[in-house]
Every structure is written in C-alpha cells, then in structure tokens.
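The values are calculated or read from the model by the stated rules, or taken from the named source; none is laboratory data. Since this is a predicted model, take the numbers as computed values, not measurements. Here the Cβ positions follow ideal geometry from the backbone for every residue, glycine too, while neighbour counts run over all protein chains shown.
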Amino acid sequence: MSKISRRSFLKLVGAAAPAVLFPAVTSWAEKNLNQGDSSKPNVIILLLDAMSATNLSVYGYPRPTTTNLERFADHATVYHSHYSGGNYTIPGTASLLTGTYPWTSRALNYSAGVKADLIGDNIFGAFGEDYHRLAFPQSMMANFVVSQFQDDINTFLPADAFGKLNFLLNDYFPKDRNMALRALDDFMFQMQAKPASLVLGPLQWSLYYRDSARLATKGYPMGLPHNSTYPIYFNLEDLFGGITSLIPALPQPFFTYLHLYPPHAPYRASERFDSKFVGDGWWPNAKPVHRFSDGFSETKLTSTRRRYDEYIASLDWEIGKLFDAWEAEGVFENSYVIVTSDHGEMFERGEARHTTALLYDPVVHIPLLISAPGQKIRHDVHAPTNAVDVLPTLMQLTGNSIPTQTEGKLLPGLGGVEDFERSTFTVEAKRNPAYAPLTKATVAMRKGTYKLIYYTGYEAQDSFELYDLAEDGEELRDLYPEAPEIAKKLREELLETLLAADTPYIK
Amino acid sequence: MNFVRKFPKLEQIAPVYAVAVVMIYAWSLSRFFWRFPSWLYYSSAGEIAVIFAYMMVVNLIESVLVLLVPIFMSVILPKRWFYEKFVTKGALLTALSLGYLMYFDNHLHYQNPFPLELVYRTPFILAGILITVFLVDWIGVLDKILTELSDRLIVFLYISIPVSLISLLVILVRNIF
C-alpha cells in the first residue's frame, strides 16, 4: 500500500521544512522527489470538518470569520449553492470521495463505510498510479471511510500525525487499518462508552488522561482543540505547520486529501480570536423551535454559535498563513486547490451542531472554493451543486476517466455549465439499517431556488417542508401547504428518486 | 533456584487462568453483543468476525498479563504465603482485582470527567484486596469454594484458548500479507 512509510515520510516533511521557512534554500526533498510528470496539475482538497457556509463571511455572514478565505476567493471559483451529501462526516465524506449519494454508497451509519462494491471506485483509485495520492483524515469519522481505500493511497497519514498525543492503535496496523480502527479504537478501546477491554482499556484511559492533563494549553484559553470522542489533541499552529511543510515535499503530480478536524466541536478558539465576537452587536434571527430538536435555549445557541464563529476565525488565520506559504512556493501555479467541508453546523430552532434529523441550510450548505492553476480572477457560481460533483470534475480536469457509478455532474466553470433546474440531494439516515430501504430518514432536495425536505419514520405520518431560498434564505416560511402544485411536482420527483435508490434493498 | 521451585505447576495455573479468562472474555463479549445490533446495520458477517478476532486477541493478551500477577507473587513471596495456596489465593486475587476493574470501567465515559477519585482510592482498594487474599487461609469454606469453582471454570479454556489462537492467526495473516 504505502510506498513511503509514515516514519520516513515525516522525516521527509522535516527535511522539506527549511524550504518553507527559507524559500531561497532548495530543500533536499525538492531536489530528490519533485521529478514527476509536471504536465499534470496537482490537486489539493482541504476539507474543514463541520464548516457551514452559513457562518463564513466569504459567503456573506455578518461576522468577519473568514477574511483570509475572502482573499483566496479573489482567485477562485466560489460555489454559492453547494450542498453536502449528508449531515455528518460519514455520509458527507463518502459522497465526496465516491461521487455518490449516501443512499447509493450506503455510508449512512456511525462508524460505517461505503458498501463493498463501491470501495474500488473511490477518488484515490480514480486518480490512478500517475498521481502520488496522500490522505490525511484527521477526523476519525473520516477515517472509517478513507481507510477503506487504503490500497489506492500511497501515503496515509494517521489522524494523530500532527497531534500532541499518540493513542490511536490502528496506526500500528497499516495493512489492516480499517478493521483495526473499528475493532480497537472504536470498540475495545473506545471512548464513547465504557471500553470493551477490561484490563488494557482503563489503563489506556488513565495514561491518556494523565498525558492530556499535562499538555500545555498556552494560546488556547478554552483548552487545546481535540477530538471529543477519540484520543487526539492538537493545536492549529502545529497542524497547519505540518501541512505547510507537507506539500512541497510530495512527488508531482500529487493528489492530497486533507480532512482536518477543525472547526468541529469542541470549539477551541486561539487566544487571538477567543471572545472576539463578544458584544459585537450582531444577533441571528430567532427561529421557532423545531419539534425534532433537542430544545436548546436561544441563549445557549447564541453563545455556542459565537464560540463556533471564533474557532472558524482562528482556523481562517492559519489558512491564511498556509496559503501565503503555498503562494511563495508557487503551489497555486500548478495545483487545483479546493476548500470545502463535509457538512455544516446549526445553531437555531432549538438544535445545536449537526447530529440531528434536520436538514436546514446551516447543516447542509457547505463552502466550495476552487482555485485552478494560475487563476487570477474570481468567478461566482450560483446554480445548485453537490459534493458528489467534485469527483467527476477532478477526473475531467486531470484527464482521468470518470467512474461509471458517479451521480455527480461536472461543476460549472470547470467543465460543466450552470443548471438551475438540476436536482441535488442530501440524505440523513443514521438510524436506518444501511442495507434496507430508508424508512427512518430525512432527505432534502434542492432544485432551482426551491428546497423540499422530507421526513420519514420519525412520526406516525411522513411530512414535508418546502422553502423558496431566493425569497426566504432563512427557511422560515414553509410553502408546502401554500404552493400545492410546486410541492406535488417536487414531492413526486423526490419520492421517485428515493424509491429508485431503495429498490435494490426492497425484498 | 528457589524461584523456580515456587513457580506454580500447570494444574495450579489452569484454574487461576480460568477465572481471569471467564471475567475478561465475558466482559468483552457483553460489550460485543451490546454493539452487535449496530454492526448488523452496516457490516458484513466477515467484518464482524474480524472485529471478534481482534477482541479475542486482546483478551488473550489481557488474560496472560493478569495471570502473571499471581505467578509473580508466588515466585517472590515465601512459599507458605502464596505458593502453597496458589489456586485459592490466585483465584481470589484475580477475581477481586478484575471485579474492581469492572467497577472502574463502568465510570469511564467521554461525557463524564475522568474518575480521578477512583484512581486515588485504588491503592487502598488494592491493599484491601491483598489483605482479603491473605486472610483466606482463615476461612476454610471460602478456600474450598474457590478451589471448586475455579476448577469448574477450566472447561472454558477449552473454548477460549483455541478460538484465541485461531484469532491470532487471522490477525497475523491480515497484517502480514
């Protein structure tokens, strides 16, 4: 699988670091490794977990959360109506990496992956042997999906590669990473519930507690960023420092998938941005509490949203430094640089974060900014697009064949054209068996300016909501009872598409 | 060597090991069946079997590590203190220690603070366990019960050891080839 071991790769990164710090110095890594086919563009996907487009100033959010992404947008294509395939990491990541909706990949449940016959059709495999393919799934949920594709990945950086602690056991099983992750990190030594290992489990917990308590939290008033359910601590400086050094050291052409955990909860802004938005005078519109919400108070939601915004601003600061370094290295001249997310985050209607049956825009409207090699001007796309579009687009751009199973289309401006009548879908079915028809799920369909949301299996009767996002971007006025003709047309399309997806599983 | 003479015989080790095996494997199996319905949602039978194999290997390592404690005590302590009652004292030490670990594990959850007070109490609890272990000489009936019970648990070794060894082979094959 891995042509470069983790240890030798990290050495290589270390060797390349001087080139970043002192651009005049030609590093050892550049001399020895960057000798591939330079006619093909490099591709870098920088995925920021749980980053909602709603909370980004680059998409018009009132708080200045992403001033550096705004700079990046000046030489990128900005997709304004881009949607995730799901509302949490597993389906969101699977949609991006397989070009299929969750009801096709069946990556629906916690700790799950894509179905067996799709594993071979992943984005890493599609890039082919010409590309050096690197994956860094810092999010553990992303690991469940990405580790399934390890046979097509040249360099697999483990989730704790640039972290402060090393307690993940799947690192020690590079040939069987996916199953070791599921059996050891997610079961025997799990932290979501009591460990299944009676003796070594509590020993690991105790060592983890001891080491994490000793970590210096300087620069992070709320404590270091960490993964809430797996033993990973990190700080943004080290994380982005590692990534900065990573790229110039890679053999070209390369495809890198960097799935970073921030700004996922817990929100740990750096000192520079902690409390930055306290008393800034901006308040989101209060929205009615949804019957499926957990009933968080408006006060709690407002303060949580502020912390999220501050964490995004901290992240954006590091992204700015990263892009400046890449600019100096000339990375943008021969690379497609893609900034996106796997799902959003919501702080409204009594619901916080994304573990929800709700599919309102804050939790499914995600950023997508793509800078093409040498691009100098901004381009804006407003037609609906989806995470499933990224794979076919990248294959087209790099001269590779598009896997036949993909449900995505070429992104407008990068081979495709703006199609406002196209339907895109987001699927939530984490409590539904993966290989059975979707009887407990939420499906959102975006078509034109309309968005139809379908809830099934949560109540005695299925229900729909319909919004016109051009007129009502906050999704406050449900048109479903008011516009029966439009509702009927969209409902029929959604139900037909769902039925087609379910057909292989109907006995 | 004095140490070698105090090393327990296989027939002494087996019942003590059986106590460790029953408690360690039962704990993991209970967690396994608790997670089983969710795995059925999205996993194949083969994947669940591999998770089971990893579990068995971890359990094998744990049970051997736990067994080393009474063996170590037998070797380093005077013969009369531990070796002569290895089965009784070893089984009691293993059962009480693993029982405490079960209690400890029940307090571990990422949404709760780490149970630091339990860690602070651990030396006292271990001291209590050791005192109980050495007092067992004075409770004849307990001695008999422990010997009989641990002897009956040996039957589980006929299942756990072969399955664990097969699991070990599976894991080795998956990680070598």
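From the list A:Tyr480, A:Tyr505, A:Tyr458, the one residue that fits, being among the aromatic types (Phe, Trp, Tyr), more than 26 Å from the chain's Cα centre (by Cα) and within 14 Å of chain B (Cβ to nearest Cβ), is A:Tyr505. Residues in region A:361-379 that are outside any loop (DSSP other than H, G, I, E, B) and over 21 Å from the mean Cα position of the chain (by Cα): 1 in all. For region A:106-131, which positions are away from chain B (no Cβ under 11 Å), small (Gly, Ala, Ser) and in a helix (DSSP H, G or I)? Hits for region A:106-131 are A:Gly120, A:Gly125, A:Ala126.
A:Pro262 - would you say it is surrounded by 15 or more Cβ atoms within 10 Å (Cβ to Cβ), in contact with a Leu (Cβ under 7 Å, 6 or more places away or on another chain) and within 30 Å of B:Phe32 (Cα to Cα)? Judged against the criteria, A:Pro262 is not a match. One residue is enough: does region B:137-150 have a residue meeting the conditions within 14 Å of chain A (Cβ to nearest Cβ) and in contact (Cβ under 8 Å) with a residue 60 or more places away in the chain? For region B:137-150, residues within 14 Å of chain A (Cβ to nearest Cβ) and in contact (Cβ under 8 Å) with a residue 60 or more places away in the chain: absent. For A:Leu134, the criteria (1) more than 11 Å from chain B (Cβ to nearest Cβ); (2) at pLDDT below 95; (3) touching a strand residue (DSSP E or B) at 6+ places or on another chain (Cβ under 8 Å) hold in every case but one, which is (2).
If the condition is being within 16 Å of A:Leu169 (Cα to Cα) and free of Cβ contacts under 8 Å to residues at least 60 places away in the same chain, then region B:42-54 contributes only B:Ile51. Scanning region B:70-93 for any residue that is surrounded by fewer than 19 Cβ atoms within 10 Å (Cβ to Cβ) and within 14 Å of another protein chain (Cβ to nearest Cβ) turns up nothing.
Checked against the criterion of being at positive phi and either in contact (Cβ under 8 Å) with a residue 40 or more places away in the chain or crowded, with 21+ Cβ neighbours inside 10 Å (or both), the candidates A:Gly85, A:Gly99, A:Gly113, A:Gly60 yield just one match: A:Gly99.
Consider B:Leu168 carefully, then state whether it is in contact with a helix residue (DSSP H, G or I) (Cβ under 9 Å, 6 or more places away or on another chain), closer than 17 Å to B:Ile51 by Cβ and assigned to a helix (DSSP H, G or I).
Yes; evaluated as a whole, the condition is true for this residue.
Among the residues of region A:450-480, the ones that are within 25 Å of A:Phe420 (Cβ to Cβ) and without any contact (Cβ under 8 Å) to a residue 12 or more places away in the chain come to 2 in all. Residues that are modelled with pLDDT under 95 number at least 1 in the following helices (runs of 4 or more DSSP H) confined to region A:1-101: A:6-21, A:28-33. Scanning region A:370-398 for residues that are among the aliphatic types (A, V, I, L, M) and surrounded by 24 or more Cβ atoms within 10 Å (Cβ to Cβ) gives A:Ile370, A:Ala387, A:Val388, A:Val390, A:Leu391, A:Leu394.
Can you name every residue in region A:404-414 that is modelled with pLDDT under 95 and either farther than 14 Å from A:Ser95 by Cβ or buried (at least 20 other Cβ atoms within 10 Å of the Cβ) (or both)?
Residue satisfying the conditions is A:Thr404 alone.
Only a single criterion out of (1) crowded, with 24+ Cβ neighbours inside 10 Å; (2) over 18 Å from A:His132 (Cβ atoms); (3) of a type in the set (S, T, N, Q) is not satisfied by A:Asn285, namely (1). Do we have A:Ala429 as within 14 Å of another protein chain (Cβ to nearest Cβ) and of a type in the set (Gly, Ala, Ser) here? When the stated conditions are applied, A:Ala429 passes them.
Filtering A:Glu310, A:Glu318 for residues that are out of contact with any helix residue (DSSP H, G or I) (no Cβ under 6 Å at 6 or more places or on another chain), assigned to a helix (DSSP H, G or I) and at pLDDT 95 or above leaves a single hit, A:Glu310. Residues that are more than 9 Å from chain A (Cβ to nearest Cβ) and surrounded by fewer than 17 Cβ atoms within 10 Å (Cβ to Cβ) within region B:49-69 comprise B:Ala49, B:Val64, B:Leu68, B:Val69, listed in sequence order. Do we have A:Pro174 as away from every other protein chain (no Cβ under 14 Å) and within 29 Å of A:His132 (Cβ to Cβ) here? When the stated conditions are applied, A:Pro174 does not pass them.
Return the residues of region B:1-41 that are closer than 19 Å to B:Leu149 by Cα, without any contact (Cβ under 8 Å) to a residue 12 or more places away in the chain and either at the interface with another protein chain (Cβ under 9 Å from one of its Cβ atoms) or assigned to a helix (DSSP H, G or I) (or both); say none if nothing qualifies. Within region B:1-41, B:Leu10, B:Glu11, B:Ala26 meet the criteria.
Of all residues in region B:104-125, those that are hydrophobic (A, V, I, L, M, F, W, C), part of a helix (DSSP H, G or I) and either within 12 Å of chain A (Cβ to nearest Cβ) or surrounded by 14 or more Cβ atoms within 10 Å (Cβ to Cβ) (or both) total 5.
Scanning region A:451-486 for residues that are in contact with a Phe, Trp or Tyr (Cβ under 6 Å, 6 or more places away or on another chain) and among the aromatic types (Phe, Trp, Tyr) returns A:Tyr454, A:Phe464, A:Tyr480.
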